[in-house]
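Below is one structure; the comments refer to it alone.
The values are calculated or read from the model by the stated rules, or taken from the named source; none is laboratory data. Note that the structure is a prediction, hence the values are computed from the model and not measured. Every residue, glycine among them, receives a Cβ derived from its backbone with ideal geometry; neighbour counts consider all protein chains shown.
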Amino acid sequence: MGAAAVRFLKAPAAAWKDQSRTVRRVVWAAAILVALLALAGADKLRWAGAGVLIVIAMVLLLWRIVWDGFWPAVDRAGLTEVHTRWSRQSPMAQRAITPVVIAVLVLAIAWAAGVHPDPALLVLLALTYGIYLLPRGVRRFALPLGVLSAAAVYPILIQQTDYQRFLFKLPIFDVFPSMDTMIAMVIFSIMAVGLNMVVGYAGLLDLGFVAFFALGAYVAGWLASPLFAQVDARVGATGVGQGLTGIHFSIWLVLILAGVVTAFSGVIIGFPTLRLRGDYLAIVTLGFGEILPVIARNGDQNGLGFNLTNGPPGINPIDPPGFGNWADQHLGLPANFVLEQGQYVNFRSLIYWSAIGLLLITLFCSIRLRDSRLGRAWIAIREDEIAAAAMGVPLMRTKTYAYASGAFFGGIGGAWFATYIASVFPDQFFFNISVFILSMVILGGMGNVWGVVAGAMLLTYLDREGLSNISGWLNSHALHCDASQTNPSSVISGGCVNAPLVSFGIYGLIIVLVMLFRPYGLFPEQRRKAEFETGVHDTPLQDVTV
Amino acid sequence: MVTEAHSEPARAPRDLSNLILSGTGLTLVLLVIVWLGINLEQDPARFFRILLIGVSQGALYALIALGYTLVYGILELINFAHGDVFMLGGMITASIVLQVFSLTENPAFGILIAAFLVSLALSVLGCSLLNATVERIAYKPLRTAPRLAPLITAIGVSFILQNIAILWKGTRPVALPESEFAQGSGHHLFTIGTCPSCVVYTSDRLFVVLVTVPVLLALLWLVRFTRQGKAMRATAQDKDAAAMMGIDVDRTISFTFLVAGGLAGVGGTIFAFYASTIGYSTGFTLGLFAFTAAVLGGIGNLPGAVLGALLIGMIQAFNEGLPWHTPGPAWTQAIVFGILILILVFRPQGLLGEQTPEGS
C-alpha cells in the first residue's frame, strides 16, 4: 500500500479527531438514533409513542453535553444574572429544584407527544422525590427501609385479583412483575451478591459460578427428597408424607449444609487453581462450571452403583419448606409453606418473604465481611497483589476465603431456588447463567453490594418479563404488526420483534457497553471507580511457572 | 520475587506439594496410555479407524486453536469471541451453499468444489474483517485497562455474535446437504487390511486434511519468514520496544486479528461441510475445545497449538469410539474441560512451552 493511499484513507479519521468533543458526541448520537429508527422500520414508527422514546434516548445520549453545557449556554445567551442568582441559592435548594425542572420538562414533552402518564406514576415520582429531599442522615435509612417495606407488602398487593386498583400499569413495561419473577429476582440477587465477593471484592474473575448454584440446588435435592429411597432419615422435615423414605432434612438445615458443601467445594476447586493468574483462573472456573452440569446429566450411570443425580429428569419433588410445628405454635411462623392435600396457601409469598430474609442476611454478611480484616485483604489483593503480599497478606488463603464465601451464598441461593421450584434438573445450569450473574455484578458496579442488587433485580426482571413486555409494547405501539403471524424461532418475523430470543445478546451488549464506557458500573463504589480512573498497578502475580 | 518475599519457611511443603502434583499428573498420563494400549490390543483396526477420525477432528481444531494462540501471544487476551467468529464463518458458508448454489443431496463434484471454494473465500474474508472490527471496537479501547476488562468484554462480544447468528438464522441449526465432504458419507479412497477388520480412508477425512495442512504451512511461513510475521513476533515479545523499532503496533495487532479471523473462517467452512450442520451455539463449545488445545500445546506457541489440537481431536475420537472402558460421548465435554483444568494446574506452560511476553 502506497503512503499516499494510506494518507488518503487516514484523512477522514484525522478530520474526525480534529472536531471538538461535543461535535463528535452529537454526531455519534445522531448516527445511533438514525440507526435505531432504521432498525425499527422508520415508516412504521409513529410519532405518538416513539416521540417519548426518542427524546429520552436523545437526552440520555447527550446527557453530558446537556449537563456541562447548560450554564455556559445560559451565560452566552446573556442571562448571566440568572446564573449568578442560581449559584447564590443554597445547595439544598439547587438540589431540590433541578429534578423538578427535569421531570416537568420530560412530562411536558410526553404530554405533547400524546403519552399521558398515569396519575399513579406521578405519585410514585413524588414519593421518590420526597425520599430524595430528605437530609442525608435520614435518607441513609429511609431509602432502604422504604424499598424494603415496599418489597414486603408487594405480594399482598400483587395477589389481589383486582390488583390494578392498587398498582397501575407502567408505560412501556406494562404490568408489575409477577410473584414468580419477584422470587427469581431476589434469589438471583443473593447469588449476585455472592459472586460480588469473588469478582467485586477480591477481583478474581469467576466464570463458573453456575457450578455453585447447581451444587447448592443438588444438595437440596439430595437432603430433602425421596431420591435415596434406600435410606430413611428425617431431621425436622415438614410437609413430607408418612412412610416416604429418603433423606428429609429441615429446609433451614439444608440451606446451611448447602452453603457449607458449596463453600467446601469452592475450597477444593480453589486450592489448586487460585495460584493461576487471573485469566487462567477464569478459564478454570469456566471449566468447572461446564463439568458439573455434565456430571449432573450423567450422574445416574456413574458406575458407582447408585443413582446420584437421576440424570436429565433431575430430582423431583423436593420437600416444601416450613418452620415446623414448634415455631408455628410459639412464634406464629407457618409450620409448612404448602398445606396438606397440596393446597397452596400463599406459597409464593412465603417463599418470597423468606428469600428476602436470606437476601438481608447475605447483604449483612457481605457488608460486614467487606469491612473486616479479611475484606480489606481482598480489596488489597484486588488493587495490587504484589504490594498486598509484601504487606503480609497471605495470598492463597485470602483468595480461597473469597472463593469459599462467594460459593457459600451461591449455594444458599441455589438451594432456595431448588426448594422453590421443588425440583432440580441439569438443563438449568449452563454457562449462560454464569455470564448472566456476572453481568449483574458488572452492570450494578463491581464491589458495591447495593449496585449489584439493583443490577440483579433489573436483569432478572428483564429476563423473565421485561424484554417480552418491551417487545410487546414495541409491536403494538411502534411496529403495529400482527402478532399471530410471527415465527417463534426467529427474532424478526411478520414485522414483529421477539426480543427474548436474543436476551443473551442484549446482556452481552450490556457487558460490552459497560466495560467500554462505564467500567465501574451504574452504581460505582467510590474506591473501584478511583481504581479505574487513576489506574492501579495491575501486573498479575507470575506464579504459574513455579 | 514475591514467592521469595513470603514463602521462605514454607519451602519444604511447597516442594512436597509439587512432588504430589507431578506424581499425580504422571500417574494420570500412564493410566491413559495403559487404557489406549489395551484398546489397541483388543481391536487394532477399530483403533486406527478412530485415530483417523481424531486426526481430521484435530486438524479442524488446529485452525481454531491457532486463532486463540495468535491473539493470546500478542495481546495476552483470551479472545472468547473467536469460537463465535468461527461459527459465523460456518453460517456464511451455509448461506452460500444453500442460497447461492442451492446444493441438494449428493451434488456433482465440480459444483461441490466450486461451492466450497467460493464459500471458503467469502467466509475467510467475512471472518477476518469481523474479527478485526471486533478488535477495533471492543478490545482496542481497553488496552490500558485492568487486565480482566478486555476478557469480560470478549465474553460479551461472544454472546453478541451468537445472537447475531440467531437474528440471522434463527435458533434452529442450519443443515447443509450431505456431500462427499460430509462426515460419514465420503467415498472410500483406499483400504488397508481385509474387511471387516480393515482401515478405510474416506474422502471426507482427506478433504479436511487437504485444506488444513496448506493453511497451517502458509501460516507458519507468514509468521516465520515474512516481514509482517517478524513484526508480529516483535510485538508479541515487547510492544514498547517494537514501537521504538518503527513497528506500527496497532496495525500489527489488527493484522493478527485479521489472520486469526481468516483461520476461523477456513475452520467454519470446513466444519460446515464436514459436520453438515451448524447452529448458533456450535462455536462456543468448539471454541473452548480449541482453546483447551491451545493451552495444552502451550499458549502462544504455534506448533504447540497444532499438537494440542491433534491430541484433543484424538482424545475426543477415542472417547467416543473405543470399545474398552470408555466413558462415551456424554462425557466428552467433561473430559476436555478436565484436561484443561489438569493442564492449567499441573503444567500451565503447556506441552511445548508458552510463548507470551510474560511466559518466555
Subject >> Matching residues in segment A:380-418 - criterion: being away from every other protein chain (no Cβ under 14 Å) and among the small types (G, A, S) >> reply: A:A402, A:A404, A:S405, A:G406, A:A407, A:G410, A:G411, A:G413, A:G414, A:A415, A:A418
Original post:
Would you pick out the residues in segment A:383-399 that are in contact (Cβ under 8 Å) with a residue 24 or more places away in the chain and either closer than 15 Å to A:V452 by Cβ or outside any helix (DSSP H, G or I) (or both)?
Top reply: A:D384
Original post:
Is it true that some residue in segment B:40-49 is within 14 Å of chain A (Cβ to nearest Cβ), in contact (Cβ under 8 Å) with a residue 12 or more places away in the chain and assigned to a loop (DSSP other than H, G, I, E, B)?
Top reply: no
**OP:** Kindly list the number of the only condition in (1) surrounded by fewer than 23 Cβ atoms within 10 Å (Cβ to Cβ); (2) of a type in the set (A, V, I, L, M, F, W, C); (3) within 14 Å of chain B (Cβ to nearest Cβ) that fails for A:L286.
**Re:** (1)
Original post:
Inside segment B:36-79, can you point out the residues that are aromatic (F, W, Y) and in contact with a Ser or Thr (Cβ under 7 Å, 6 or more places away or on another chain)?
Top reply: B:Y72
**OP:** Output the residue which, of all residues in segment A:361-372 that are surrounded by fewer than 20 Cβ atoms within 10 Å (Cβ to Cβ) and part of a helix (DSSP H, G or I), is nearest to the chain's Cα centre (by Cα).
**Re:** A:L363
Original post:
Does B:F86 satisfy being among the aromatic types (F, W, Y), surrounded by fewer than 24 Cβ atoms within 10 Å (Cβ to Cβ) and closer than 24 Å to B:R205 by Cβ?
Top reply: no
**OP:** Of all residues in segment A:436-469, count the ones that are modelled with pLDDT under 90 and of a type in the set (V, I, T).
**Re:** 0
Original post:
Quick one: how many residues across segment A:491-523 are within 17 Å of the chain's Cα centre (by Cα) and farther than 20 Å from B:P150 by Cβ?
Top reply: 5
Original post:
Any idea which residue in segment A:289-312 is surrounded by the most Cβ atoms within 10 Å (Cβ to Cβ), counting only those that are over 24 Å from the mean Cα position of the chain (by Cα) and of a type in the set (D, E, K, R)?
Top reply: A:R297
Original post:
Name the residues in segment A:236-255 that are β-branched (V, I, T), modelled with pLDDT under 75 and surrounded by fewer than 21 Cβ atoms within 10 Å (Cβ to Cβ), would you?
Top reply: A:V240
Original post:
Does A:I470 satisfy the condition of being touching a helix residue (DSSP H, G or I) at 6+ places or on another chain (Cβ under 7 Å), closer than 24 Å to A:D180 by Cα and of a type outside the set (G, A, S)?
Top reply: yes
**OP:** Report yes if B:L117 is away from every other protein chain (no Cβ under 14 Å), part of a helix (DSSP H, G or I), farther than 27 Å from A:G508 by Cβ and free of Cβ contacts under 8 Å to residues at least 40 places away in the same chain, otherwise no.
**Re:** yes
Original post:
Can you find a residue in segment A:353-360 that is away from chain B (no Cβ under 13 Å), surrounded by 14 or more Cβ atoms within 10 Å (Cβ to Cβ), modelled with pLDDT of 85 or more and over 30 Å from A:Q526 (Cα atoms)?
Top reply: yes
Original post:
How about segment B:155-173: which of its residues are farther than 14 Å from A:G508 by Cα and more than 7 Å from chain A (Cβ to nearest Cβ)?
Top reply: B:W168, B:K169, B:P173
Original post:
How many residues, within segment B:344-360, are under 18 Å from the mean Cα position of the chain (by Cα) and outside any loop (DSSP other than H, G, I, E, B)?
Top reply: 1
Original post:
Hey, does segment A:190-203 have a residue that's more than 29 Å from A:D427 (Cα to Cα), at pLDDT 75 or above and not in a loop (DSSP other than H, G, I, E, B)?
Top reply: yes
Subject >> Selected residue (criterion: farthest from the other protein chains (Cβ to nearest Cβ)) from residues of segment B:71-99 that are among the aliphatic types (A, V, I, L, M), more than 21 Å from B:G279 (Cβ to Cβ) and in a helix (DSSP H, G or I) >> reply: B:I74
Original post:
Do we find that B:I152 is within 21 Å of the chain's Cα centre (by Cα), in a helix (DSSP H, G or I), surrounded by 18 or more Cβ atoms within 10 Å (Cβ to Cβ) and facing chain A (nearest Cβ under 8 Å) in this structure?
Top reply: yes
Subject >> Filter result (facing chain B (nearest Cβ under 7 Å) and either under 26 Å from B:A330 (Cα atoms) or assigned to a helix (DSSP H, G or I) (or both)) within segment A:260-283 >> reply: A:P272, A:T273, A:G278, A:D279, A:Y280, A:A282, A:I283
Subject >> Filtered residues of segment B:131-154 (kept if in contact with a helix residue (DSSP H, G or I) (Cβ under 6 Å, 6 or more places away or on another chain) and of a type in the set (A, V, I, L, M)) >> reply: B:A132, B:V134, B:A138, B:L142, B:L148, B:A149, B:L151, B:I152
**OP:** Report yes if some residue within segment B:129-140 is among the aromatic types (F, W, Y), within 14 Å of another protein chain (Cβ to nearest Cβ) and either in contact with a Lys or Arg (Cβ under 7 Å, 6 or more places away or on another chain) or not in a loop (DSSP other than H, G, I, E, B) (or both); otherwise report no.
**Re:** yes
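So that you can scan it fast, the table gives a plain yes or no per residue for (1) in contact with a Leu (Cβ under 7 Å, 6 or more places away or on another chain); (2) crowded, with 24+ Cβ neighbours inside 10 Å:
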{"site": "A:G406", "(1), (2)": "yes, yes"}
{"site": "A:V424", "(1), (2)": "no, yes"}
{"site": "A:S439", "(1), (2)": "yes, yes"}
{"site": "A:G444", "(1), (2)": "yes, yes"}
{"site": "A:Y461", "(1), (2)": "no, no"}
{"site": "A:D482", "(1), (2)": "no, no"}
Original post:
Where in segment B:171-287 are the helices (runs of 4 or more DSSP H), entirely inside, with at least 3 residues that are modelled with pLDDT of 90 or more and touching a Phe, Trp or Tyr at 6+ places or on another chain (Cβ under 7 Å)?
Top reply: B:249-275
**OP:** Answer yes if at least one residue in segment B:340-356 is in contact (Cβ under 8 Å) with a residue 24 or more places away in the chain, closer than 30 Å to B:P177 by Cα and within 14 Å of chain A (Cβ to nearest Cβ), and no otherwise.
**Re:** no
Subject >> Cβ-Cβ under 7 Å pairs, at least 6 apart or on other chains, segment A:192-207 side within 19 Å of A:G287 (Cα to Cα) and touching a residue at least 60 places away in the same chain (Cβ under 8 Å), far side assigned to a loop (DSSP other than H, G, I, E, B) and of a type in the set (D, E) >> reply: A:L195/A:D206; A:V198/A:D206; A:V199/A:D206
Original post:
Picking from A:V435, A:V453, A:V393, A:V449, which residue would you name as being of a type in the set (V, I, T) and within 20 Å of A:A282 (Cβ to Cβ)?
Top reply: A:V435
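A quick yes/no check of all residues on (1) closer than 21 Å to B:S158 by Cα; (2) under 11 Å from the mean Cα position of the chain (by Cα):
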{"residue": "B:A294", "(1), (2)": "yes, yes"}
{"residue": "B:V306", "(1), (2)": "no, yes"}
{"residue": "B:A317", "(1), (2)": "no, no"}
{"residue": "B:G328", "(1), (2)": "no, no"}
{"residue": "B:W331", "(1), (2)": "no, no"}
{"residue": "B:L342", "(1), (2)": "no, no"}
